[in-house]
Amino acid sequence: MSFLRWISRLLFGVLALACIALGVYFAVDNPESITPRFAGYPLFAGSVGFWLIGFLLIGALLGFLASLLPYWTERRRVKGLERQLLRTERELQTVRRQVAGE
């Protein structure tokens, strides 16, 4: 299995490098300067490639954070169920002691 893991890491690394190279090429190939406006406020001037790549990265980060919400919700639910299981096990032990003592 380690060979497959090594191959997948190698392919992921090559894909990441290709994406970075493509982004750099895109930024260099689009040197026109623009000043985008966000919520009515002008941002600083930068190349088209810089702004597109920057907003793509911000969108990817926001998408990643949004995908973590169900994970956090389920984690909270699991912790609550673990506490409930612990209380139930304690109650069962108490009942067993009472039955054994009688």
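Taking Ala27, is it modelled with pLDDT of 90 or more and either within 23 Å of the chain's Cα centre (by Cα) or not hydroxyl-bearing (Ser, Thr, Tyr) (or both)?
Taking the combined requirement at face value, the residue does not satisfy it.
Among (1) surrounded by 10 or more Cβ atoms within 10 Å (Cβ to Cβ); (2) modelled with pLDDT of 90 or more; (3) among the aliphatic types (A, V, I, L, M), where does Ala66 come up short?
(1)
Report yes if Thr73 is touching a strand residue (DSSP E or B) at 6+ places or on another chain (Cβ under 8 Å) and of a type in the set (Val, Ile, Thr), otherwise no.
Spelling it out, it is not the case that Thr73 is touching a strand residue (DSSP E or B) at 6+ places or on another chain (Cβ under 8 Å) and of a type in the set (Val, Ile, Thr).
Can you give me the number of residues within the stretch 1-56 that are loosely packed, with under 10 Cβ neighbours inside 10 Å, part of a helix (DSSP H, G or I) and of a type outside the set (S, T, N, Q)? Steps first, answer last, please.
In the first step, residues of the stretch 1-56 are kept if they are loosely packed, with under 10 Cβ neighbours inside 10 Å; the result is 1-5, 32, 37-42, 44.
Of the ones still in play, those that are also part of a helix (DSSP H, G or I) are 2-5.
Narrowing the set further to residues that are of a type outside the set (S, T, N, Q) leaves 3-5.
Qualifying residue count, the stretch 1-56: 3.
The values are calculated or read from the model by the stated rules, or taken from the named source; none is laboratory data. Please read all numbers here as calculations on a predicted model, not as lab measurements. We place every Cβ from the backbone using ideal geometry, glycine too, and count neighbours over all the protein chains shown.
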